Amino acid sequence: MLHVGAHRGEEVPAYTRAGWLPVVLVDALPECAAHLQRVHEERSDVDVHLGVAWDADGEGLIMHRTNNGESSSVLPMGSHRQRHPEVRIVDEFTVSSVRLDTLLAGDPRRFDAVMMDIQGAELRALRGLGERLEDVRWIYCEVNQEDLYIGSALLDEVDAYLGEQGFVRVDTRMTTSGWGDALYARRAERPRAASLRRLVRRLWTAAASG
């Protein structure tokens, strides 16, 4: 399992119970990556990386850190300000982007599932997987139907790109705030999609409830 935008690692216990190991955690905020490293330092089946996942290496970006942490993004807020007025930017600092295939170049292990929640930058990060996307069978990521973040890819753009890579969207859970989650499967895996949908929903329900 590759989890990009791991935040505090809330889902790791659910991954462990389901046997989705090893787990590779990536987060762009130094404090989140440091927390994940402390919590999992004795586990050989959980690796942590600090990195701003993108489709190019070394691109200078501005990280917009928010008061809740999880809404932080390298993309400026768009309609997110109106949708979630309780969330505000508290700090901005320069970061350097990295492709996921670069970040994970020293790790020969393959992962067949990807979880991605990086506030509008999901398509950029997926492109940055490069050839490593060929090993992936399942992708669960946050998607948008409006510009919550300026420059974010919308759902149909993610559909189009992953469709070109051999994936089909098999489940979608949208909120009333213009964003939601989508599950993509390799076309060859589509017959298993119903059982995986149930498993994924149990995993994230368990994670959300602590």
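The values are calculated or read from the model by the stated rules, or taken from the named source; none is laboratory data. The model shown is predicted, which means the values in this text are computed figures rather than measured ones. Neighbour counts run over all protein chains shown; Cβ positions are idealised from the backbone, glycine included. SASA here: full protein model, heavy atoms, side chains in, ligands and nucleic acids out. Shrake-Rupley method; radii C 1.70, N 1.55, O 1.52, S 1.80 Å.
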Filter result for the condition that a residue is under 30 Å from G78 (Cα atoms) and at pLDDT below 90, over R202, R173: R173
Within segment 132-160, tally of residues that are under 15 Å from A53 (Cβ atoms), assigned to a helix (DSSP H, G or I) and open to solvent by 10 Å² or more (accessible area, probe 1.4 Å): 1
Looking across segment 50-64 at residues that are part of a strand (DSSP E or B) and not aliphatic (A, V, I, L, M), the single one that is most open to solvent (accessible area, probe 1.4 Å) is G60
Across segment 90-131, which residue is surrounded by the most Cβ atoms within 10 Å (Cβ to Cβ) among those that are in a helix (DSSP H, G or I) and among the charged types (D, E, K, R)? E122
Could you go through segment 157-168 and let me know if any residue there is touching a residue at least 40 places away in the same chain (Cβ under 8 Å) and among the β-branched types (V, I, T). no
Flagged in segment 71-89 as within 17 Å of the chain's Cα centre (by Cα) and surrounded by fewer than 16 Cβ atoms within 10 Å (Cβ to Cβ), in numbering order, are none
Out of all the residues in segment 39-74, which are among the small types (G, A, S) and without any contact (Cβ under 8 Å) to a residue 40 or more places away in the chain? S44, G60
Confirm whether G9 is closer than 18 Å to Q119 by Cβ and of a type outside the set (D, E). yes
Checked against (1) hydrophobic (A, V, I, L, M, F, W, C); (2) in contact with a Leu (Cβ under 7 Å, 6 or more places away or on another chain); (3) in contact (Cβ under 8 Å) with a residue 40 or more places away in the chain, M77 satisfies every condition except (2)
Among the residues of segment 1-49 satisfying the criterion of being open to solvent by 50 Å² or more (accessible area, probe 1.4 Å) and among the aliphatic types (A, V, I, L, M), which is modelled with the lowest pLDDT? L21
How many residues does segment 27-49 hold that are in a strand (DSSP E or B) and closer than 11 Å to M1 by Cα? 2
